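This report concerns only the one structure given below.
Read the figures in this text as sums done on the coordinates, not as results from a lab. These numbers were taken from a predicted model, which means no experiment stands behind them. Counting neighbours? That spans all protein chains shown, and the Cβs are built from the backbone with ideal geometry, glycine included.
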Amino acid sequence: MDLSVLVLPGDGIGTEVTREAVRVLRRVAEKWHHSLRLSEGLLGGAAIHQTGTPLPEQTVRLATAADATLMGAVGLPEFDNAPPDRRPEKGLLGIRRALGVYANLRPVKAYASLLDSSPLKNPLVEGTDMIIVRELTGGIYYGTPRGITEAGGETRAVNTMTYTRAEIERVSRVAFHLARARRKKVTSVDKSNVLENSQLWRRVVTELGGEYPDVALDHMLVDNCAMQLILSPRRFDVVLTENMFGDILSDEGAVLAGSIGMLPSASIGDRRPSGAWVGLYEPVHGSAPDIAGQNKANPLGAIGSVAAMLAYSFGLREESSAVERAVETVLDTGTVTADLRPSGAPATTEQVGRAVCAAIG
Ligand code: NAD
């Protein structure tokens with residue numbers, strides 16, 4: 001198969017973890033005889049430095065031409081007080097929008113060998129296996145009007161949370177589809193006791209649920225969900241929610257997995273005429289300026305994102321499972337970075353990447 005992949009390393013540890021993810025992708029292509037065409041583009045702070053903008057036109061062109069995009073992370077402390085248009089994170093929102101990837105899939109799994117890394121008690125976490133489906137291109141992160149204004153001696157800030165029926169329907173369909181291949185349960189999370197936006201969300205999800213009678217649907221308020229994720233994470237299978245709630249809840253999920261460095265994500269849009277899903281794959285974590293450049297970052301979230309790419313964009317289930325099994329093998333052997341608190345000396349980012357390649361065989 002011909003695999004055309006754009007790599008956007010971004011900033012900080014983004015460059016370090018994508019290097020290892022690409023190493024794994026090359027290994028898979030070699031072993032299963034796929035032809036791999038890699039291109040590389042600029043995004044985030046690195047792009048601002050070289051072109052003055054966080055999302056250069058050239059990057060959008062490359063992403064539209066590739067079958068799938070693998071991204072690291074963006075963000076540099078020097079831009080923390082920059083105006084919104086000159087912030088690296090603007091590039092992230094821009095590329096998601098340019099590719100039209102509206103459903104963000106974040107699997108959260110408690111690996112047996114990492115149970116001790118979770119700050120929660122083992123019996124609570126053991127067996128956790130859920131996927132959070134977060135709406136990605138709507139809601140309060142994109143709604144207008146937005147901004148900070150000065151009037152009559154007062155400063156006022158406004159953001160707008162907006163959703164249409166169509167936006168809710170398409171992301172809900174992704175959640176119901178995924179549930180069918182899993183334990184057939186969707187928990188839709190909203191704040192319908194306070195927000196009209198959430199009332200529409202709940203109504204549309206409920207109506208759509210009628211088309212999937214084999215999938216059990218329940219609804220949960222976001223504040224309760226934040227609590228239940230910690231108290232009884234095993235009860236969740238597919239968690240469906242809007243953009244901002246999903247952003248927050250999926251970081252909470254990171255605690256269950258032992259480290260935010262473990263979590264992959266896949267952002268999916270519509271199907272291409274070829275049948276492949278448009279996809280943007282990235283670890284959940286940010287650019288981690290505190291450990292950047294030290295070969296300390298955990299690359300397994302980025303490597304898990306490669307596994308997701310193989311499955312969702314290319315339909316290569318065998319290759320995808322092989323990467324996931326290799327990750328489990330590496331975890332079992334204890335070749336892990338410092339964030340997973342190994343009993344012996346921590347491995348470097350590169351050592352973990354090489355160990356995964358070796359485990360693929
Ligand atoms: P972060 O995820 O970068 O880091 C949070 C903490 O987790 C840090 O202590 C970091 O060292 C640790 N960590 C993160 N990834 C790790 C890994 N792979 N291995 C080991 N430890 C890891 O979040 P932050 O500190 O809030 O943000 C830093 C910058 O990243 C900011 O500029 C922020 O805007 C940006 N950010 C980008 C993305 C993205 O590109 N998708 C996501 C979140 C934050």
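Divide the volume of the convex hull around the Cα atoms of the chain by the residue count and you get 145 Å³ per residue. Here the spin labels are modelled as points 7 Å beyond Cα on the Cα-Cβ line, and at residue 157 and residue 182 they lie 3.3 nm apart. For segment 288-361, a crude dipole built from +1 on the beta carbon of Lys and Arg and -1 on the beta carbon of Asp and Glu, taken about the Cα centre, is about 80 debye to the nearest 20. Within straight-line reach of residue 31, meaning a Cα separation under 13 Å, sit the following aspartates and glutamates at least 8 residues removed in sequence or on another chain: 318, 319. Karplus-derived 3J(HN,Hα) values for segment 168-174, using 6.51 cos²θ - 1.76 cosθ + 1.60 with θ = phi - 60°, are 5, 4, 5, 6, 5, 4, 4 Hz; glycine and proline are entered as x. Restricting the trypsin sites (Lys or Arg not before Pro) of segment 120-161 to loop positions (DSSP other than H, G, I, E, B) with no more than 13 neighbouring Cβ atoms within 10 Å leaves 121.
Listed values for segment 114-122 are Karplus-derived 3J(HN,Hα) couplings in whole Hz (6.51 cos²θ - 1.76 cosθ + 1.60, θ = phi - 60°), namely 10, 4, 6, 7, 7, x, 8, 5, 3, and x replaces Gly and Pro. State to the nearest 20 debye the size of the charge dipole of the chain about its Cα centre, where the only charges are +1 on K and R beta carbons and -1 on D and E beta carbons. About 660 debye. Between the amide H of residue 277 and those of 272, distances stay under 5 Å, these residues lying 5 or more places away or on another chain, with hydrogens modeled in the peptide plane. Cβ crowding within 10 Å ranks 321, 265 as 321, 265, fewest other Cβ atoms first.
Using a cutoff of 8 angstrom between alpha carbon atoms and counting only pairs six or more residues apart, the relative contact order for the chain works out to 21 percent.
Arranged from fewest to most other beta-carbon atoms within 10 Å of their beta carbon, 142, 312 become 142, 312. Note: relative contact order over segment 248-326, using C-alpha pairs below 8 Å and six or more positions apart, is 29 percent.
Inter-label distance, residue 80 to residue 149: 3.0 nm, where each label sits 7 Å from its Cα along the C-beta direction. Taking 7 Å steps out from each Cα toward its Cβ at residue 294 and residue 50 produces label points 2.7 nm apart. Counting only DSSP H runs of at least 4 residues, each contributing -39500 (n - 2.57), and dividing by the residue count of the chain, the helix-based mean residue ellipticity at 222 nm comes to -13000 deg cm²/dmol.
In this structure the amide hydrogen of residue 40, modeled in the peptide plane, comes within under 5 Å of the amide hydrogens of 7, none closer than 5 places in sequence on its chain. Using the alpha-carbon centroid of each, what span in Å lies between segment 37-69 and segment 289-311? Value for the Cα centre distance between the two parts: 19 Å.
Stretching the chain fully between residue 129 and residue 199 yields a gain of 22.4 nm (0.36 nm per residue, less the alpha carbon separation).
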